[in-house]
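First the structure, in the form of structure tokens, and then the observations on it.
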Amino acid sequence: MIVKKMIAEKGTVLNNEEIAHGIYQMTFSAERICNEEPFPGQFLNICVDDSWEHPLRRPMSIADVNDNQLSIIYKVFGEGTKILSEYKNGYSIDLLGPLGNSFGETEGTTPILIGGGVGLSPIIWFHKVLQTNGVEHKIVVGAQSVNEHFLSHDPEENIYLTTDDGSVGEHGTVMPTVKKICDEVENPKLFSCGPEPMMKAVHLFVNKFDFPCELSVESYMGCATGLCQGCVIERASNSLKEHSYHERYSLVCTDGPIYQAKEIVFS
Amino acid sequence: MTVDLSVSLGDVSFKNPVFVASGTFGYGTESNDLVDVSQLGAIVTKSITKHPREGNPPPRIVETPSGMINSIGLANIGVDKYIEKMIPVYEKIGTHVITNIAGFSIDDYLHVLEKLESSGGNVCGYEINVSCPNVDTGRMEFSVDPKSTRELTKALRSATKKLLILKLSPNVTDIGEIAAAAVEGGADALSAINTLFGMSIDPATRRPNINTNIGGLSGPSIRPVGIASVYKISKAVDVPVIGIGGITSVKDVIEYLLAGASAVQVGTANFRDAAIATRIINDLGTYCEENDIATICDLIGKVESYD
Ligand SMILES: Cc1cc2nc3c(=O)[nH]c(=O)nc-3n(C[C@H](O)[C@H](O)[C@H](O)COP(=O)(O)O)c2cc1C
């Protein structure tokens, strides 16, 4: 793992718009964080509220990096993201990053990127990076309905959308499409980030067929830097000692957020 | 004007009265990218126990209005790893380190303290987290029982000459009584407060937001409880008090000092900004200059109470 330096930086908001129903993309300048060369999977911890009414920062995966600009894609689902959605161009934004590890090896595999809802950022960015590097891959994005999608369904270009209501792309969850693709391609390797039911389904599927898979885990976080020990996930382990530390529970902010599917259990 | 920010607790002199609180600054080195820790008055470590501990299942934390609830469950590397990995690092850390100790029986605490005593190293003292169930007395917390608190303090006192601080819980009827018991047992100083009971529930799922249902509330929302506790303790006993609870700014520090604290610890605020305590230290110097305060000790307990 490459250990990058954490930077605390005040960025400037350049754009903040709703790109699909309830889903926003915000772009801001953050030169020093960009200098650390973040990679897909890594995240920022953002202070949404200068007052102390909301003391904790909000972890947000990075959705793109362009020169000195970063962007995030987020779904408004709570007080913090509601405040973020009201940020105007020119606002100062209090950032900490880049944090966590990033997606790993794709060589010798056909990467299948699977995302949805709040977990789109790392998938969208990884898609872009693989495109730039000329790595052939597939991307499957799920949503409830067409108005939550901002990509176009284009299987010829290896982009597959699914909707719960069938209003665009394949009808149903991402899983039938993922299974079909896995049958068709050589050496599939799955990379996934999304809502918990989706992650659980992917997890179950790859464990059954023994496909390599990296999951980007979402967790409620306090500090995102290892101080508070708040954001843990259970490790898959069958040899637990009576007394141990970080063998049963892994710290998502510093050990993750990317895990091999085999490493963790969803309870 | 040069301002003297130094304070003393027991025989130990600290360069300034602003420390970082146990469980909110790891083992002291995690935030080195973001802050020069040598500027801190002291670092209080995560609670160290006899054995390593995984801590509680998730979810462990949730934000609340101006605060948070946690149920970390004393996750820590255990005293042996702590001595092996951290004690050598503290040789060059540039400030005092206070090891916080937790346990579930008097023997547990003694075991950790004695190991640390024999390991030598740059640890100036111990802060004892008594907000732990005592398995020898039916799991009642040490912190709520004056007798347990006195006995535990006495046992530890007889095992060390170093600075011994008892960290008190606000979840008691009379914190002054517990403070007096700790002082009778031989504590050099008291710190207050640890977290308050807190609970929040997700109406959609009817589930509590943390796995232990009830957890520990911290952050700005508990500051008035911390200040009142310090005030009561400093009236009840004659040893120095370290004020903890909801500190985010120099103004909060001044309030605690006026209420009777000789030093303070910054906790939850570190999670937002790991350099916040060092900023507060700078602001404290400026505040004293602007208000003609030559030595920070001139503020301690100087609240002008109503009769
Ligand atoms: C996540 C978290 C972990 C904590 N862990 C410990 C601990 O291990 N030992 C301890 O004595 N206090 C622990 N505390 C309590 C703090 O040291 C402090 O007493 C309390 O949070 C109040 O201060 P604050 O409002 O500034 O956070 C913890 C607090 C938090 C929020």
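The values are calculated or read from the model by the stated rules, or taken from the named source; none is laboratory data. Note that the structure is predicted; figures quoted are calculated from it, not measured. All Cβ positions, even for glycine, are placed from backbone atoms using ideal geometry, and neighbour counts span all protein chains on display. Calculation scope for accessible area: heavy atoms of the full protein, side chains included, ligands and nucleic acids excluded. Shrake-Rupley method; radii C 1.70, N 1.55, O 1.52, S 1.80 Å.
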**Message:** Residue pairs, Cβ under 9 Å, 6 or more apart or interchain, first in segment B:211-224 and touching a residue at least 12 places away in the same chain (Cβ under 8 Å), second surrounded by fewer than 24 Cβ atoms within 10 Å (Cβ to Cβ) and assigned to a helix (DSSP H, G or I). List them.
**Reply:** B:Pro220/B:Asp252; B:Arg223/B:Asp252; B:Arg223/B:Glu255
**Complete:** Log entry, pairs with first residue in segment A:31-46 being at negative phi, second being of a type in the set (Gly, Ala, Ser) and surrounded by 24 or more Cβ atoms within 10 Å (Cβ to Cβ), beta carbons closer than 6 Å, six or more apart or on different chains, reads A:Ile33/A:Gly97; A:Gln42/A:Gly100; A:Phe43/A:Ser61; A:Phe43/A:Gly100; A:Leu44/A:Gly97; A:Asn45/A:Ala224
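For segment B:205-223, which positions are in contact with an Asp or Glu (Cβ under 9 Å, 6 or more places away or on another chain) and not in a strand (DSSP E or B)?
Quick first cut of segment B:205-223, residues in contact with an Asp or Glu (Cβ under 9 Å, 6 or more places away or on another chain) only: B:208-209, B:219-220, B:223.
Answer for segment B:205-223, where residues must be in contact with an Asp or Glu (Cβ under 9 Å, 6 or more places away or on another chain) and not in a strand (DSSP E or B): B:Asn209, B:Gly219, B:Pro220, B:Arg223.
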**Fill in**
The residue that is most open to solvent (accessible area, probe 1.4 Å), considering only those in segment A:1-52 that are more than 14 Å from chain B (Cβ to nearest Cβ) and charged (D, E, K, R), is A:Glu37
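Limited to segment A:104-126, what total is found for residues that are open to solvent by 10 Å² or more (accessible area, probe 1.4 Å) and either of a type in the set (Phe, Trp, Tyr) or more than 12 Å from the chain's Cα centre (by Cα) (or both)?
Narrowing segment A:104-126 to residues open to solvent by 10 Å² or more (accessible area, probe 1.4 Å): A:104-110, A:117-118, A:124-125.
When the remaining residues are screened for being either of a type in the set (Phe, Trp, Tyr) or more than 12 Å from the chain's Cα centre (by Cα) (or both), the result is A:104-110, A:125.
Of the residues in that region, 8 qualify.
Take the conditions under 30 Å from A:Leu96 (Cα atoms) and either open to solvent by 10 Å² or more (accessible area, probe 1.4 Å) or within 14 Å of chain A (Cβ to nearest Cβ) (or both) and apply them to B:Asn270. Does it pass? Walk me through how you get there before you give the answer.
On the way: under 30 Å from A:Leu96 (Cα atoms): yes; either open to solvent by 10 Å² or more (accessible area, probe 1.4 Å) or within 14 Å of chain A (Cβ to nearest Cβ) (or both): yes.
When the stated conditions are applied, B:Asn270 passes them.
Are any residues in segment A:199-237 of a type in the set (D, E, K, R) and within 14 Å of chain B (Cβ to nearest Cβ), and if so, which ones?
In the first step, residues of segment A:199-237 are kept if they are of a type in the set (D, E, K, R); the result is A:200, A:208, A:210, A:214, A:218, A:234-235.
Once the filter is applied, which keeps residues that are of a type in the set (D, E, K, R) and within 14 Å of chain B (Cβ to nearest Cβ), segment A:199-237 yields A:Glu218, A:Glu234, A:Arg235.
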**Complete:** From the option list A:Leu251, A:Leu240, single residue qualifying as over 13 Å from B:Gly55 (Cβ atoms), more than 8 Å from every other protein chain (Cβ to nearest Cβ) and surrounded by fewer than 23 Cβ atoms within 10 Å (Cβ to Cβ) is A:Leu240
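Hey, could you check segment B:67-85 for residues that are open to solvent by 30 Å² or more (accessible area, probe 1.4 Å) and facing another protein chain (nearest Cβ under 9 Å) and say which is nearest to the ligand (Cβ to nearest atom)? Spell out the reasoning first.
Keep residues of segment B:67-85 that are open to solvent by 30 Å² or more (accessible area, probe 1.4 Å), which gives B:70, B:74, B:80-81, B:83-85.
Next, only the ones that are facing another protein chain (nearest Cβ under 9 Å) stay: B:70, B:81.
Numbers: B:Asn70: 4, B:Lys81: 16 Å.
Ranking the candidates gives B:Asn70 first.
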**In segment B:295-307, the residues that are in a helix (DSSP H, G or I) and of a type in the set (D, E, K, R)** = B:Asp298
**Fill in**
By residue number, the members of segment B:1-34 that are open to solvent by less than 10 Å² (accessible area, probe 1.4 Å) and part of a loop (DSSP other than H, G, I, E, B) are B:Asn16, B:Pro17, B:Ala21, B:Phe25, B:Gly26, B:Gly28, B:Ser31
**Prompt:** Can you tell me which residue in segment B:195-204 is surrounded by the fewest Cβ atoms within 10 Å (Cβ to Cβ), limited to those that are assigned to a loop (DSSP other than H, G, I, E, B) and within 16 Å of the ligand (Cβ to nearest atom)?
**Reply:** B:Met199
**Asked** How about segment B:38-59: which of its residues are of a type outside the set (Gly, Ala, Ser), more than 12 Å from chain A (Cβ to nearest Cβ) and open to solvent by 20 Å² or more (accessible area, probe 1.4 Å)?
**Response** B:Gln39
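Count, please, the residues in segment B:205-229 that happen to be within 12 Å of the ligand (Cβ to nearest atom) and open to solvent by less than 40 Å² (accessible area, probe 1.4 Å).
Qualifying residue count, segment B:205-229: 11.
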**Asked** Are any residues in segment B:157-194 in contact with a helix residue (DSSP H, G or I) (Cβ under 7 Å, 6 or more places away or on another chain), more than 15 Å from the ligand (Cβ to nearest atom) and within 24 Å of B:His96 (Cβ to Cβ), and if so, which ones?
**Response** B:Ala159, B:Thr160, B:Ala179, B:Gly185, B:Gly186
**Item:** B:Ala261 being within 14 Å of chain A (Cβ to nearest Cβ) and either within 12 Å of the ligand (Cβ to nearest atom) or among the small types (Gly, Ala, Ser) (or both)
**Value:** no
**Request:** Give the residue, chosen from A:Phe191, A:Phe266, that is at pLDDT 95 or above and more than 21 Å from B:Lys81 (Cβ to Cβ).
**Result:** A:Phe191
**Prompt:** Going through segment B:208-248 one residue at a time, which ones are within 13 Å of another protein chain (Cβ to nearest Cβ), hydroxyl-bearing (Ser, Thr, Tyr) and over 21 Å from B:Asn56 (Cβ atoms)?
**Reply:** B:Ser221, B:Thr248
**Request:** Only residues in segment A:219-236 that are touching a residue at least 12 places away in the same chain (Cβ under 8 Å) and open to solvent by 10 Å² or more (accessible area, probe 1.4 Å) count as the first member; pair them with residues that are of a type in the set (Val, Ile, Thr) and within 12 Å of the ligand (Cβ to nearest atom), Cβ under 6 angstrom, at least 6 apart or cross-chain, and list the lot.
**Result:** A:Gln229/B:Ile72
**Request:** Among the candidates A:Val129, A:Val141, single out the residue that is surrounded by 15 or more Cβ atoms within 10 Å (Cβ to Cβ), outside any helix (DSSP H, G or I) and hydrophobic (A, V, I, L, M, F, W, C).
**Result:** A:Val141
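Please work out if B:Ala294 is within 14 Å of chain A (Cβ to nearest Cβ) and either surrounded by fewer than 20 Cβ atoms within 10 Å (Cβ to Cβ) or more than 15 Å from the ligand (Cβ to nearest atom) (or both). So that I can check it myself, show each step before the final result.
Values: within 14 Å of chain A (Cβ to nearest Cβ): no; either surrounded by fewer than 20 Cβ atoms within 10 Å (Cβ to Cβ) or more than 15 Å from the ligand (Cβ to nearest atom) (or both): yes.
Here the answer is no, as B:Ala294 does not meet what is asked.
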**Message:** Restricting to segment B:11-37, and then to whatever is farther than 20 Å from A:Cys231 by Cβ and over 16 Å from the mean Cα position of the chain (by Cα), can you tell me which residue is farthest from the other protein chains (Cβ to nearest Cβ)?
**Reply:** B:Asp11
